[in-house]
Amino acid sequence: MKIVIKVGTSTLTDKNGLLNKKYISELAEKLVALQNGNNKILIVSSGAIGAGQGQLKLKDRPKILREKQALAAVGQPIIMNAYADAFAKYGKTVAQLLLTRDDFDSRVKYINARNTLNELSERGIIPVINENDTVAVDEINFGDNDTLASLVAAAVHADKLVIFTDVDGLYDGHPSKAKLIAKVENITEEIEGFATGKSASGKGTGGMKTKIIAAKIASASGIDTIIANGSKLERLKDIINGTGICTIFPARKCCLEAKKTWIAFSKKPKGNIFVDKKAAEALIVKGKSLLAAGIVKVSGSFKRGDTVAVADVETKKDFARGLVNYDFDDLQKVKGKTTAEMKKIIDVTDDEIIHRDNMVIL
């Protein structure tokens, strides 16, 4: 079994904001036991900024980008040294991978990262993956690595994604006076309403909302997602086996193929295409390709081959993503036109604006 474990800042640091090396040692012990049980383990670890903050004895988390990036540069080697020392006690080797959203946006980089992760796992080496906060710009608020963890899990075709947090799972209200939801078969608006966008501890950048988003991605990719209390490592084996105290989001039975998972979630949309009701029905119900005639409006700045979000012009809600065959400027000229009319306006390379093979209905 291939398991991705995501560990957040609030789990990795103590009450003083310093890296909790005792916890990392305990985590290594449990993960080595899993690995020795014929499992492959990958870790997505936050905490670089938090570790840097603790090392420099700063009381408050900085808000200016360059300060965050500087702290990440200080904290990242501290975290990696802690992991290396903890796993070395059991004769295990760890490897560091620092990724940004751009590494998932590029198909070549994506495949290279996936191949590297798989090769490390095959060799029994435990990858420790973090976002490259020292160079990231808008990605530094990526969701405390929850989304990154789900993208990694999808890339390597993991069986399970375990996201550690500071509560036992998803509750139907505030954890102090609500009921733990043991299993979520479908992520409805009601389920999303139980989540908030803030980190409960104030140390991380995510919250339950980002974990729900991660579960959506993993579930659609055929991966079971588990949200569990990271401080209760004695439960880890039971959680992996599906008997522990946690919230489980089972994998979809009809999951996306690898390329469509990449289109749907890994590539960042560069623009939006709004279509009429008839076109939306043709795409969703009949599985057709998108033609220019059904397009009402386009926005953004994209080129041929970029990912765009497709939305219903009335509801403004995205329902698909795909690789577009034309630049933004060309689509502005031919939106609403028939294929015959389109050929009189621009140099036509494809009849379809987005071919159904390069489109994912969300």
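A few comments on the model shown:
- Count of the range 74-105 residues which are open to solvent by less than 40 Å² (accessible area, probe 1.4 Å), free of Cβ contacts under 8 Å to residues at least 60 places away in the same chain and within 24 Å of Thr261 (Cβ to Cβ): 5
- Boolean, Thr349 is touching a helix residue (DSSP H, G or I) at 6+ places or on another chain (Cβ under 6 Å) and outside any strand (DSSP E or B): no
- Residues of the range 159-194 that are surrounded by fewer than 18 Cβ atoms within 10 Å (Cβ to Cβ) and small (Gly, Ala, Ser): Gly173, Ser176, Ala178, Ala182, Gly193.
- Count of the range 9-52 residues, restricted to those that are of a type in the set (Gly, Ala, Ser) and either more than 19 Å from Lys68 (Cα to Cα) or under 19 Å from the mean Cα position of the chain (by Cα) (or both), is 9.
- Taking (1) in contact with a Leu (Cβ under 8 Å, 6 or more places away or on another chain); (2) modelled with pLDDT of 95 or more in turn, Asp351 satisfies each apart from (2).
- Pairs where the first residue, in the range 175-196, is among the small types (Gly, Ala, Ser) and the second is modelled with pLDDT of 85 or more and in a strand (DSSP E or B), C-beta under 8 Å, 6+ apart: Ala178/Tyr171; Ala182/Thr247; Ala182/Ile248
- Taking first residues from the range 58-70 that are closer than 16 Å to Gly17 by Cβ and partners that are polar (S, T, N, Q) and part of a helix (DSSP H, G or I), the Cβ contacts under 7 Å between residues at least 6 apart in sequence or on separate chains come to Arg61/Gln53.
- Between Ile78, Ile129, Ile43, the distinction of being more than 29 Å from Ile212 (Cβ to Cβ) and touching a strand residue (DSSP E or B) at 6+ places or on another chain (Cβ under 7 Å) belongs to Ile78 only.
- Ser10 in contact with a strand residue (DSSP E or B) (Cβ under 9 Å, 6 or more places away or on another chain), more than 14 Å from Ile78 (Cβ to Cβ) and either open to solvent by less than 10 Å² (accessible area, probe 1.4 Å) or part of a helix (DSSP H, G or I) (or both): yes
- Which numbered condition Leu42 fails, given (1) at pLDDT 90 or above; (2) in a helix (DSSP H, G or I); (3) of a type outside the set (Ser, Thr, Tyr): (2)
The values are calculated or read from the model by the stated rules, or taken from the named source; none is laboratory data. Computed from a prediction, not measured in an experiment: that's the story for all the values here. Glycine gets a Cβ as well: all are built from the backbone with ideal geometry, and neighbour counts include every protein chain shown. Accessible surface areas use protein heavy atoms only, side chains included; no ligands, DNA or RNA. Shrake-Rupley method; radii C 1.70, N 1.55, O 1.52, S 1.80 Å.
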